[in-house]
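Undergrad: The structure under discussion is supplied below as structure tokens; questions concerning it will follow.
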Amino acid sequence: MNNSFKSGFVALIGRPNVGKSSLLNALVGQKIVITSEKPQTTRNQLRGITTGMDYQIVWIDTPGLHRPLHQLGENMVRSTHAVFSGTDLVLWILDASIGITDDDRRAAEVIKANQLPIFGVWNKIDIKNAGVATEITDFKKVFEVSAVTGAGLTNLLEAVVADLPAGPQYYPAEMVTDHPERFIVAEFIREQVIRYTQEEIPHSVAVTIDQMTVRSNNRAYIEAVIYVERDTQKGIIIGAKGQRLKNIGSEARKSIEELLEMPVFLNLWVKVRKKWRNNQAALKEFGYGDEE
């Protein structure tokens, strides 16, 4: 092992909607996870990878720490707790636009109980309230950043690298995530469902990829199914004369084409799977089972 090479696993922890996924995309340098103003958008542990000449950081984005209301939520919280095992450093992400909330304080109790090195990271400083950064104390270092503008990210990255131990290069330098393309494609579709639908829909949606092939014309053909829990939700997603579903497909295809770097034919179906969020078999089928 090259003793001058540094590597490690860095967890992004915090309550829902503080911008963890946006921050991960910014640190990696491209979009690999979906973002939304809706809380609890992230459902799985998601890994991004940043590789330099003498370091490699494996960033772990997690579902926000929250009070679960169903089996899916319980699995999400367990997934977040599981991330502490094998982690070298924790970034506690806070929303600088609103300051510390009671949910942040509850998240802090969980984070500190694991006795790992912690950097406090105020995100959204481009819209921050004056003086909020003084509310956080007792952490190894504190940073102010903006995932949107990129402000402060270089300082944060340099500090993380400096804090990591000597270690191996876990992934090839060109890799930015260890998740398969099918997973990311399904997430890009779910992102647009969240964007185009009403309040009741986002948490009831799951997406599976039934077929994903590249044909001889160098074009990707994708068949995907959007699952909801009620017939009324299916109608909302399809929309009048199928227009909303067309919009979802059109916008999702743009992100997928950027990811795959080729033209994409995307065919979407909408199906009902009643109460799937409380069905462990369905959760496993949709990729939301407990983390091993």
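Undergrad: Kindly establish whether residue 149 is assigned by TED's automatic domain parsing to the domain that holds residue 54, within 30 Å of residue 123 (Cβ to Cβ) and free of Cβ contacts under 8 Å to residues at least 12 places away in the same chain.
TA: Considered against the rule, which asks whether it is assigned by TED's automatic domain parsing to the domain that holds residue 54, within 30 Å of residue 123 (Cβ to Cβ) and free of Cβ contacts under 8 Å to residues at least 12 places away in the same chain, residue 149 comes out as no.
Undergrad: For segment 16-31, enumerate the residues that are buried (at least 23 other Cβ atoms within 10 Å of the Cβ) and not in a helix (DSSP H, G or I).
TA: Of everything in segment 16-31, those that are buried (at least 23 other Cβ atoms within 10 Å of the Cβ) and not in a helix (DSSP H, G or I) turn out to be 18, 19.
Undergrad: What residue, of 83, 28, 58, is modelled with pLDDT of 85 or more, under 14 Å from the mean Cα position of the chain (by Cα), farther than 15 Å from residue 147 by Cα and among the hydrophobic types (A, V, I, L, M, F, W, C)?
TA: Working: 83 fails: modelled with pLDDT of 85 or more; 28 fails: farther than 15 Å from residue 147 by Cα.
Matching residue, one of 83, 28, 58: 58.
Undergrad: Where the second residue is part of a loop (DSSP other than H, G, I, E, B) and not β-branched (Val, Ile, Thr) and the first is more than 15 Å from residue 224 (Cβ to Cβ) and lies in segment 252-270, which pairs have Cβ atoms under 6 Å and are six or more apart or on separate chains?
TA: 262/218; 263/219
Undergrad: Right, next: I'd like the full set of residues that are more than 16 Å from residue 187 (Cβ to Cβ) and in contact with a strand residue (DSSP E or B) (Cβ under 9 Å, 6 or more places away or on another chain), limited to segment 205-219.
TA: First, pick out the residues of segment 205-219 that are more than 16 Å from residue 187 (Cβ to Cβ): 211, 213-219.
Of everything in segment 205-219, those that are more than 16 Å from residue 187 (Cβ to Cβ) and in contact with a strand residue (DSSP E or B) (Cβ under 9 Å, 6 or more places away or on another chain) turn out to be 211, 213, 214, 215, 219.
Undergrad: Under 9 Å between Cβ atoms, which residue pairs at least 6 apart in sequence (or on different chains) link something in segment 97-111 that is assigned by TED's automatic domain parsing to the domain that holds residue 14 and without any contact (Cβ under 8 Å) to a residue 40 or more places away in the chain with a partner that is in a helix (DSSP H, G or I) and β-branched (Val, Ile, Thr)?
TA: 97/125; 97/127; 97/132; 98/132; 99/132; 100/132
Undergrad: Next up: Do you know which of the residues in segment 243-268 that are surrounded by fewer than 13 Cβ atoms within 10 Å (Cβ to Cβ) and farther than 17 Å from residue 181 by Cα is nearest to the chain's Cα centre (by Cα)?
TA: My answer is 250.
Undergrad: Another question, if that's okay. Picking from 255, 250, which residue would you name as being hydroxyl-bearing (Ser, Thr, Tyr), within 21 Å of residue 32 (Cα to Cα) and modelled with pLDDT of 95 or more? Can you show your working first?
TA: Working: 255 fails: modelled with pLDDT of 95 or more.
None of the other options fit; the residue is 250.
Undergrad: Tell me yes or no: at least one residue of segment 64-71 is aliphatic (A, V, I, L, M), modelled with pLDDT under 80 and under 29 Å from residue 280 (Cα atoms).
TA: At the first step, the residues of segment 64-71 found to be aliphatic (A, V, I, L, M) are 65, 69.
Of the ones still in play, those that are also modelled with pLDDT under 80 are 65, 69.
Remaining after also requiring under 29 Å from residue 280 (Cα atoms): 65, 69.
Scanning segment 64-71 turns up at least one residue that is aliphatic (A, V, I, L, M), modelled with pLDDT under 80 and under 29 Å from residue 280 (Cα atoms).
The rows are residues; the columns are (1) at positive phi; (2) exposed (fewer than 14 other Cβ atoms within 10 Å of the Cβ).
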{"site": "165", "(1), (2)": "no, yes"}
{"site": "169", "(1), (2)": "no, no"}
{"site": "205", "(1), (2)": "no, no"}
{"site": "218", "(1), (2)": "yes, yes"}
{"site": "224", "(1), (2)": "no, no"}
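The values are calculated or read from the model by the stated rules, or taken from the named source; none is laboratory data. Small disclaimer: the values here were computed from a predicted structure and weren't measured. Reconstructed Cβ throughout: ideal geometry from the backbone, glycine too, with neighbour counts over all protein chains shown.
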